[in-house]
């Protein structure tokens, strides 16, 4: 069974880019969600092996979605990687406090992304 | 609102794969995603939103503006902006901005990574000036201001993305421009 990655972003551009990179460079299966609320319901249904989620989104941001996912028993241990525009310490700290495992900064570097996902899911 | 569905991607992947074997997969994905997003823009507002998305997610700046060229081609008027103070950048005079002459000839101009020279006479650092071509004529200019602090200048893939912006963003300024 291929590992399943939930990609969450309100930008279709980003979702398209991420899915193309993962399709070309990994064997992971991708599912997508367009905001934090959508991500929670998709995650409960799909039980992804990892969540790659943007921070700034309408309806519910990535920090809040991450917190709420951690309250779901089935998602408590699921690795969550936040995609941020800022790498500053306080911003990253806020991400970790929300329960994420890691973060990656925009614009996404494909090598960095694939290496990071491999470190959680294996090749 | 129509947006390319993720299920469409598998159908379009073969075209994406043909972009060039020597190019990094991530770079190909960025260029392709930029083109698809602009070509599928529903209307003018969506095309402007696409410019914002591409600048923020693929290039690395959340400070972007579009200036429209006036009929005499002597001034550029602010048409739309995101993340910048519109009062500071309402008009650009071509006579006072030498780099704009180059851009209005249809060629994008980029700030070199180690250069301290600004591309416009403004306090805000400008990273790129990208002409928007409508029927081959530069009709507006996209100004990309400050890049994210962790971003190491304009990269080769950013130049390719800007070429896509130049050729495919006409709908952002001309609502009835064909894709």
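Averaged over A:16-27, how many beta carbons belonging to a partner chain fall within 10 Å of each residue's beta carbon?
The per-residue average across the peptide is 6.
Can you bin every Cα-Cα distance in chain A into 5 Å intervals starting at zero and give me the percent of pairs per bin, rounded to whole numbers?
Result, from short to long distances: 2, 12, 25, 27, 21, 11, 2, 0 percent.
How do the peptides B:36-44, A:70-78, B:120-128 rank, highest first, by the average count of neighbouring beta carbon atoms within 10 Å per residue?
Working: B:36-44: 19.2, A:70-78: 12.3, B:120-128: 17.6.
Final packing ranking: B:36-44, B:120-128, A:70-78.
I'd like the distance separating the alpha-carbon centroids of the range A:14-86 and the range B:109-179, in whole Å.
Measuring centre to centre over Cα atoms gives 31 Å.
Of A:57, A:69, A:17, which is the most mobile in a GNM of chain A whose springs link Cα atoms less than 10 angstrom apart?
Result: A:17 has the largest fluctuation of those listed.
According to the Cα gyration tensor, what semi-axes, each the square root of 5 times an eigenvalue, does the equivalent ellipsoid of the range B:25-179 have, listed from largest to smallest in whole Å?
Those come to 21, 20, 14 Å.
Summarise the partner chain shielding of B:26-36 as one whole number: the mean count of Cβ atoms from other chains within 10 Å of each residue's Cβ.
The per-residue average across the peptide is 6.
Regarding the protein assembly as shown, what's the average projected area of the Cα-atom convex hull, expressed in nm²?
Over every viewing direction, the Cα hull of the protein assembly as shown projects on average to 16.3 nm².
Counting alpha carbon pairs within less than 8 Å and at least 6 residues apart, what relative contact order, in whole percent, applies to chain A?
Relative contact order of chain A: 24 percent.
Just so you know, all these numbers are worked out from the coordinates, no wet-lab data involved. For clarity, every value in this text was computed on a predicted model and none was experimentally measured. Neighbour counts are summed over all protein chains in view; Cβ atoms, including those assigned to glycine, are modelled from backbone coordinates with ideal geometry.
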